[in-house]
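Worksheet for the structure shown next.
The values are calculated or read from the model by the stated rules, or taken from the named source; none is laboratory data. All figures in this text were calculated on a predicted structure; none of them were measured in a lab. Every residue, glycine among them, receives a Cβ derived from its backbone with ideal geometry; neighbour counts consider all protein chains shown. Ligands, DNA and RNA are excluded from the accessible area calculation, which covers all protein heavy atoms including side chains. Shrake-Rupley method; radii C 1.70, N 1.55, O 1.52, S 1.80 Å.
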Amino acid sequence: MVSEKELKKIIEQVLLQIKDNQPVEVEGCSTLQNTEISNIDDNELFDLTQVDLRKQLSVPNPENEEEYLSLKTKTPARLGVWRAGPRYKTETLLRFRADHAVAMDAVFTDVAQETIDEMNLFMVKTKCKDKDEYLTRPDLGRKFDEEEINKMKEKCQMNPQVQIIVADGLSSTAIEANIRDILPVVVQGLEGYKVKVGTPFFIKYGRVPSMDVVSEVTGADVTCLFVGERPGLATGESMSAYMVYKGYPGIPEAKRTVVSNIHKQGTPAAEAGAHIAEIIKKILDAKASGVDLKL
């Protein structure tokens, strides 16, 4: 058992050696190699978020390892984390903080202009002037200034059977991760059904009900909105697709049909795209969406 006086001496010795950029050697302790932080390349740092928690054996010597791992494959939740006394293990805590950072980044970053250009989308913006206002004033994320509405009228094909729109929502990361794979599949699928698709575009600072204004402006039979979901600790890349028949501002939420959890560990984007195209065809045939649609 190291006394407080001995511990203080060890700490002072370590700090002095770090200051002089020397290998850390403390009497009575195993040798630690001090590495100059400025010389570490980003590619050499291990990314904890790349570890699949569903395949990670967190409990040492579990009674039934096979059943334990089988249970973990069914959910991205943190099941069976181990402990150091009453506390989380260091790796568990670091992973929690890393996943929290991913979620924060998903909310506060913007969809890159390069992505919008690559997908050949023009951009309109809701009444939110920045990300802070978007988060604190959900009502403004559902409305557009007259200038933005005129841009829709000018650039969009009017009265299409289907109007597709993309919005950043609460996860720009989700749009960046999925839109390149899902949008072409949906358009191709609808064209295969001989469905007339309008002019897709991007909404910055858009909430789900912003699609209702677009429905009214374009006169679309079906409006389909791809939007980033609120991120959690499981993933920051999850996207949803909201579909509505003959939408209008103030339409009940129950009138929307939703496909959620579109991401690589949920429903992959390409697979979801084919499914969404099929649902849109059913909405058009039934002239109904949401609870009125029997799938």
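Which shape class, rounded, prolate or oblate, goes with the range 149-295 when its Cα gyration tensor gives a ≥ b ≥ c as root eigenvalues, a/c under 1.5 marks rounded, and past that a/b bigger than b/c marks prolate?
Numbers: a/c = 1.43, a/b = 1.26, b/c = 1.14.
Rounded, since a/c falls under 1.5.
At a 1.4 Å probe, what is the % contribution of carbon and sulfur to the accessible area of the range 141-272? The value for the range 141-272 is 46 percent carbon and sulfur by accessible area. Placing +1 on the Cβ of every Lys and Arg and -1 on the Cβ of every Asp and Glu, with no other charges, gives the chain a dipole of roughly 1320 debye about its Cα centre. Report the FRET efficiency, 1/(1 + (r/R0)^6), for Asp130 and Gln13, where r is their Cβ-Cβ distance and R0 is 45 Å, rounded to 0.05. Working from the Cβ atoms, E equals 0.35.
Calculated from DSSP H runs of 4 or more alone, at -39500 (n - 2.57) each and per residue, what is the 222 nm mean residue ellipticity of the chain, nearest 500?
On the way: 9 runs with 113 residues, N = 295.
Helices in the chain give a 222 nm mean residue ellipticity of -12000 deg cm²/dmol.
Excluding same-chain neighbours fewer than eight residues apart, the aspartates and glutamates reachable from Lys294 by a Cα-Cα span under 15 Å are Glu278, Asp285. Of all lysines in the structure, the ones whose alpha carbon falls short of 28 Å from that of Lys55, not counting any fewer than 8 places away in one chain, are Lys72, Lys74, Lys89, Lys264. For the range 101-175, rounded, prolate or oblate, judged on the Cα gyration tensor with a ≥ b ≥ c (square roots of eigenvalues), a/c < 1.5 rounded, else prolate if a/b > b/c? Cα axes put the range 101-175 in the oblate bin. Packing here is the average count of other Cβ atoms within 10 Å per residue, and on that basis the peptides 178-190, 223-235, highest first, run 223-235, 178-190. For the cross-link pairs Lys125/Lys255; Lys153/Lys287; Lys127/Lys194, the ones whose C-alpha atoms lie over 29 Å apart are Lys127/Lys194. One chain, two ends: Leu93 and Asp139. Fully extended at 0.36 nm per residue, the span grows by 12.9 nm beyond their Cα-Cα distance. Peptides 202-215, 113-126 ranked from most to least packed by the mean count of surrounding Cβ atoms within 10 Å: 202-215, 113-126. Checking the cross-link filter: which lysines have an alpha carbon closer than 16 Å to that of Lys9, excluding same-chain neighbours under 8 positions apart? Leaving aside lysines fewer than 8 places away in the same chain, those within reach of Lys9 are Lys19. For the range 146-231, the solvent-accessible area of protein heavy atoms averages 36 Å² per residue (probe radius 1.4 Å; ligands and nucleic acids excluded). Against the chain, whose longest principal axis comes from its Cα atoms, helix 146-155 is set at around 70 degrees. The angle separating the long axis of helix 269-286 from the principal Cα axis of greatest extent in the chain is about 30 degrees.
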